[in-house]
Amino acid sequence: MAAVKVLADVDTGVDDALALIYVAWAHRTGRAQLLGCGTVAGNCTVEQATANTLRVLELAGLEVPVARGACRPLAGALRTAPEVHGEDGLAGAGVGPLYRKPSPEHAVDQILRLSRQHAGELVLVATGPLTNVAMALVLEPELARRLARLVVMGGGVRDLGNVTAAAEFNFYTDPEAAHVVLESGVPLTLVGLDVTHQVYVEETDLARLQQVDTPQARFARHLLRFGMEAYRRLGGPARFYLHDPLAAAVALDARWVSGRWVSLSVETRGERTRGMCVADWRRQPEAAVPHGPGWAWVALQVEGRRFVGHFMEELARWARGAGADGPAELAGGRDTRDERAAAHG
Ligand code: BDR
Ligand code: CA
């Protein structure tokens, strides 16, 4: 299978970081060609997301352009998620000297340029609020026809909300942007909570990664354990949901999920429902591939345990194999558990 040409738009973010590692490893093993990353405000500020992305790619041993994007949603103020991702968006690992710099290009310009250079081939995977993607579509509506696919982690049609009862974080953060994207006619694959809530890591899933002792393995374990602990603190079970990694995997291979075409819109005004995905189940697609405004292919099922097994296996392979030319330890590369053990003598 030819390497999939990928551009990632991210708000790095603990699970974005793991999605980037997954794509970077696919790049290094010939299954993907990561052409660039764009950053957007969401889980943290865009400056922090840019720095986090540069750090993660450095640890992954991959040098690709990282372009800074929008610093706030199209309308309304930015509300970041330190309670889930830490103050720095990267579980405390987003600090310390940074050796790489962002590219001088804006993330929106990067989307437009790469979509022209790789017309019909580029898969754009967006795992943050859709601000950059919407801006690009407003600047050049033809972008919708140049992309091979746009894979979005966002929304949900049966499993609706994680930030509010009705809305998922990325759609909630910038519903106006989601509206622009849904109305653009872009070939859209939605990887929402319907499937991402079926893929989660628990402590027992870390066994294989636990056998690897590299900065990469320690970093991955730290992120996963930080995420589990955050979720537990918020009142849930100690689980890490692989929201963004599943979207990244679907960008490389759509067969991970099954689903159907759904007529979709997003609520932008509701007092309790802002950012909610509204599926019109009454409408049936008129064509087998109903590309067009208001239609998205929505992922509804995934073999959860199979995907988690695959993802953890890839992560362990990366942790073993990326080390050769990888950089020194990130702040979070120390194991949370090892630290705790040390603290308790
Ligand atoms: C999404 O929200 C963010 O916090 C995660 O990075 C993911 O993209 C899940 O709702
Ligand atoms: Ca994200």
Picking from Thr214, Thr204, which residue would you name as being over 23 Å from Lys5 (Cα atoms) and either in contact with a helix residue (DSSP H, G or I) (Cβ under 9 Å, 6 or more places away or on another chain) or touching a residue at least 24 places away in the same chain (Cβ under 8 Å) (or both)?
Thr214
Selected residue [in contact with a Ser or Thr (Cβ under 7 Å, 6 or more places away or on another chain) and either over 15 Å from Glu267 (Cβ atoms) or assigned to a loop (DSSP other than H, G, I, E, B) (or both)] from Ala144, Ala165, Ala136:
Ala144
Step by step: first the residues of the range 261-315, then only those that are farther than 22 Å from Phe171 by Cβ and among the β-branched types (Val, Ile, Thr), then the one that is modelled with the lowest pLDDT. Which residue is that?
Val289
Count - residues of the range 93-102 that are crowded, with 18+ Cβ neighbours inside 10 Å and at pLDDT 95 or above:
1
Tell me, which residue of the range 221-232 that is closer than 17 Å to Glu83 by Cβ and more than 15 Å from ligand 1 (Cβ to nearest atom) is most open to solvent (accessible area, probe 1.4 Å)?
Arg232
All positions within the range 44-61 that are open to solvent by 10 Å² or more (accessible area, probe 1.4 Å), at pLDDT 95 or above and touching a helix residue (DSSP H, G or I) at 6+ places or on another chain (Cβ under 9 Å)
Arg55
From the list Asp253, Asp244, exactly one residue is surrounded by 21 or more Cβ atoms within 10 Å (Cβ to Cβ) and not β-branched (Val, Ile, Thr). Which is it?
Asp244
So, restricting to helices (runs of 4 or more DSSP H) that lie completely within the range 1-89, which ones have at least 2 residues that are within 13 Å of ligand 2 (Cβ to nearest atom) and closer than 22 Å to Glu314 by Cβ?
14-28, 46-59
Taking the range 1-19 as the search range and keeping residues that are more than 16 Å from ligand 1 (Cβ to nearest atom) and β-branched (Val, Ile, Thr), which one is most open to solvent (accessible area, probe 1.4 Å)?
Val4
What number goes with the only condition from (1) closer than 22 Å to Asp11 by Cβ; (2) open to solvent by 10 Å² or more (accessible area, probe 1.4 Å); (3) within 16 Å of ligand 1 (Cβ to nearest atom); (4) not in a helix (DSSP H, G or I) that Tyr172 does not pass?
(4)
Report, ordered by the first and then the second residue, all pairs with beta carbons closer than 6 Å, sequence separation of six or more or different chains, a first member in the range 243-257 that is assigned to a strand (DSSP E or B), and a second member that is at pLDDT 95 or above.
Val257/Val195; Val257/Val250; Val257/Ala299; Val257/Val302
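Residue by residue, here is whether (1) farther than 14 Å from Asp9 by Cα; (2) of a type in the set (A, V, I, L, M) holds:
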residue	(1), (2)
Val40	no, yes
Val46	no, yes
Pro65	no, no
Thr80	yes, no
Gly86	yes, no
Ile111	no, yes
Ala119	yes, yes
Leu130	no, yes
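So if I check each of Val262, Val289, Val278, which one is open to solvent by 50 Å² or more (accessible area, probe 1.4 Å) and part of a strand (DSSP E or B)? If you could, list the steps in order and put the result at the bottom.
Numbers: Val262 fails: open to solvent by 50 Å² or more (accessible area, probe 1.4 Å); Val289 fails: part of a strand (DSSP E or B).
The unique qualifying residue is Val278.
Quickly run through the range 20-42 and pick out the residues that are open to solvent by 10 Å² or more (accessible area, probe 1.4 Å) and within 16 Å of ligand 1 (Cβ to nearest atom).
Tyr22
Going by the structure shown, is Val157 in a loop (DSSP other than H, G, I, E, B), in contact with a strand residue (DSSP E or B) (Cβ under 8 Å, 6 or more places away or on another chain) and either closer than 22 Å to Arg272 by Cα or within 16 Å of ligand 1 (Cβ to nearest atom) (or both)?
Yes: the conditions hold for Val157.
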The one condition Leu139 fails out of (1) open to solvent by 10 Å² or more (accessible area, probe 1.4 Å); (2) of a type in the set (A, V, I, L, M); (3) within 16 Å of ligand 1 (Cβ to nearest atom); (4) farther than 23 Å from Ala254 by Cβ is (3)
When residues of the range 147-162 are limited to those that are within 16 Å of ligand 2 (Cβ to nearest atom) and farther than 13 Å from Val266 by Cα, the one most open to solvent (accessible area, probe 1.4 Å)
Asn162
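The values are calculated or read from the model by the stated rules, or taken from the named source; none is laboratory data. As the structure is a computational prediction, the values presented were derived from the model and not from experiment. For neighbour counting, all protein chains shown are included, and Cβ atoms are generated from backbone atoms with ideal geometry for every residue, glycine included. Note: areas computed on protein heavy atoms with side chains; ligands, DNA, RNA excluded. Shrake-Rupley method; radii C 1.70, N 1.55, O 1.52, S 1.80 Å.
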